[in-house]
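Read through the structure below, which is laid out as C-alpha cells, and then see the notes.
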Amino acid sequence: MHTAAEAVYQDVLRRNPAEPEFHQAVAEFLHSIGPVLNEHPEYTEHALLERLVEPERQIIFRVPWIDDNGTCQVNRGYRVEFNSALGPYKGGLRFHQSVNRNIIKFLGFEQIFKNSLTGLGIGGGKGGSDFDPHGRSDNEVMRFCQSFMGELYRHIGQFTDVPAGDIGVGGREIGYLFGQYKKLTNRFEAGVLTGKKLGWGGSLGRTEATGYGTVMFAASMLATKGQQLEGQKVAISGSGNVAIYAAQYAQMQGAKVVTVSDSSGWVYDEAGIDVALLQQIKEVERGRIKEYADRKGGAAYHSEGRPWQVPVDVALPCATQNELDGSDARTLVKGGVRCVAEGANMPCTPEAIEVFQQAGVLYAPGKAANAGGVATSALEMEQNASRSKWTFDQVAAKLADIMANIHDNCAETAAHYGAAGDYVLGANIAGFTRVADAMIDQGFI
C-alpha cells in the first residue's frame, strides 16, 4: 500500500472501530490506487484521501411503527451521504436485519466509485434500516415505510439525495415511501426516488438493469479472451431482483444457469433455471427457494453448502456481502470457472479475490459489474426531469453502452498502470480519478 494510503487506512481503523466491512472496502480501494498516487502526487495533498473516506453526513434516527397486533415496534434508520462531488447523493435503501452503520458505510463508500464509473452526474450514498419486511403484512410494511420517511424526507430531494431500492426494498416499498414523501412535502417530486412503478414516473428497464448489466459486463470480459456466453454453464447466488434478471439475460444469451439460492439454502437445476417459475415464487408469492425445487421436476434443494460447489464456467454472486470465501473460490477454480462478475456488493472476500486473480480467472468487482442498476436509476431521473418516457429498447441500448464503457474504462486503466486484466485496480483507479479531480476543483469542503 502507498505510504499516504497506509496512513489514511490506519486512521480509518482508529476512528471507525468495530466496522469490519467498512474497513474491508476501504482497504481494497486504498491497496489499488497506489500506482495513480505515484503518477499524480497531487492526489495525496490537501487531505484529499482523508476527506474521501469520511462521509459528508451520517444520519441515524428512530423508526417507531405499529404492527398488526397494535404493538409499537422500534427500528433504527440510517442514511450515509458519503460524497457529492459529482452530483446528488445516489444509492439504495436496504431493509434487512443485518443493517447497521458499518454495513451502510461500506455500501455508501463503494457507491461513490460505482456511480463515478457510470460517467453520470451522481454522488455516492446509502441508507436503510434493520427492519425485515419478510413475513410482514402489506399494512405493516406501509406503516413502517411511512414512519421511516417521516424523518428521511428532511434530508433528500432530487438535487440533494436520491434513494432507490436495495435488499428488502422493491416497488411496494418505494411506493409507500414516495406516497409519504409527497404527503409531507406537498410536492410530486418524481425525481426524489428511483425504482418507481411505471405508472407514476418509473423507467422501463430499471427492474432488469442490475442483473442484465452484470451479465453484459461478464460477456465483455469473456470477449477479451475470444469467448462468448453462449453454451456456458453459470452458477448464480441469490434469488432476488439481481439474481432473477441475471439468470434471465444469461439464458437469453444462450448460457445455462443451473443454481439460485436464498438464506435458507440453494437449488441445483441441471436443465436450467425456469426464470418464470422463480419470478412467480419470489416476486409474486414472496416464497422461499425450496418451493422452486418442490414444483420443478429434476431440481434439487440443498439446505447445506453453497451453489459454488457446482462445476461451472461462469459464477455470478448476486446475494450479499462476503458470501463467497476463499474455500468457495478454490472449489470454483478446481471446477473450471473462467469468469466471476459480482452482481452483489462486495460478495467475494479478499481471500477469494486473491484466489481468482492468482488462478488467472477473469474477476470483476461489484462497483463495475453491477453498476447498471444505478446507471439506469440515473436514466430514470433524467426522464423525470424532462417529463418524458423512453421505450424499453432505448433504455436497454443506453444500458449496454454504459456497461461497455465501464468495462473498457476499467480494462484500459488497468493496462495503463501495467496491470492488464486487473479489473479491481482498473475500476478503483478509474472511479477514483473522476471523483478526486472534482474534489480538487471544488476546494477544501
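The values are calculated or read from the model by the stated rules, or taken from the named source; none is laboratory data. It should be emphasised that the depicted structure is a prediction, and the values quoted were computed from it without experimental measurement. Here the Cβ positions follow ideal geometry from the backbone for every residue, glycine too, while neighbour counts run over all protein chains shown. Keep in mind that these areas ignore ligands, DNA and RNA; they rest on the heavy atoms of the full protein, side chains included. Shrake-Rupley method; radii C 1.70, N 1.55, O 1.52, S 1.80 Å.
Below are the figures for this structure:
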read-out	value
Failed item, numbered, when Gly191 is tested on (1) within 20 Å of Ile59 (Cα to Cα); (2) open to solvent by less than 20 Å² (accessible area, probe 1.4 Å); (3) of a type outside the set (Phe, Trp, Tyr)	(1)
Counted residues, the range 314-358 - those being under 21 Å from the mean Cα position of the chain (by Cα), open to solvent by 40 Å² or more (accessible area, probe 1.4 Å) and touching a residue at least 40 places away in the same chain (Cβ under 8 Å)	3
Selection from the range 392-430 of residues that are over 30 Å from Ser203 (Cα atoms), open to solvent by 30 Å² or more (accessible area, probe 1.4 Å) and in contact (Cβ under 8 Å) with a residue 12 or more places away in the chain	Glu412, Tyr417, Gly418, Gly421, Asp422
Lys225 being closer than 21 Å to Pro133 by Cβ, open to solvent by 60 Å² or more (accessible area, probe 1.4 Å) and either of a type in the set (A, V, I, L, M, F, W, C) or not assigned by the TED database to the domain that holds Gly127 (or both)	no
Residue within the range 237-244 that is part of a loop (DSSP other than H, G, I, E, B), open to solvent by 20 Å² or more (accessible area, probe 1.4 Å) and out of contact with any Gly (no Cβ under 8 Å at 6 or more places or on another chain) present	yes
When residues of the range 259-308 are limited to those that are part of a helix (DSSP H, G or I) and of a type in the set (S, T, N, Q), the one nearest to the chain's Cα centre (by Cα)	Gln279
Looking only at the range 359-375, and only at residues there that are surrounded by 24 or more Cβ atoms within 10 Å (Cβ to Cβ) and not in a helix (DSSP H, G or I), the one that is farthest from the chain's Cα centre (by Cα)	Tyr363
Thr349 being out of contact with any Phe, Trp or Tyr (no Cβ under 9 Å at 6 or more places or on another chain), in the same structural domain as Phe217 (by the TED database) and among the hydroxyl-bearing types (Ser, Thr, Tyr)	yes
Spans of strands (runs of 3 or more DSSP E) in the range 19-118 with at least 2 residues more than 28 Å from Ser263 (Cα to Cα)	57-66, 72-83
Residue satisfying condition, being closer than 19 Å to Gln97 by Cβ, within 27 Å of the chain's Cα centre (by Cα) and open to solvent by 60 Å² or more (accessible area, probe 1.4 Å), within set Arg76, Arg57	Arg76
Test: residue in the range 174-186 that is within 13 Å of Ser377 (Cβ to Cβ) and in contact with a strand residue (DSSP E or B) (Cβ under 8 Å, 6 or more places away or on another chain)	yes
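Okay, residues lined up against (1) buried (at least 22 other Cβ atoms within 10 Å of the Cβ); (2) of a type in the set (Asp, Glu); (3) touching a residue at least 24 places away in the same chain (Cβ under 8 Å); (4) not assigned by the TED database to the domain that holds Ile429:
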| position | (1), (2), (3), (4) |
| --- | --- |
| Asp67 | no, yes, yes, yes |
| Cys72 | no, no, no, yes |
| Pro88 | no, no, yes, yes |
| Leu93 | yes, no, yes, yes |
| Ser98 | no, no, yes, yes |
| Ile104 | yes, no, yes, yes |
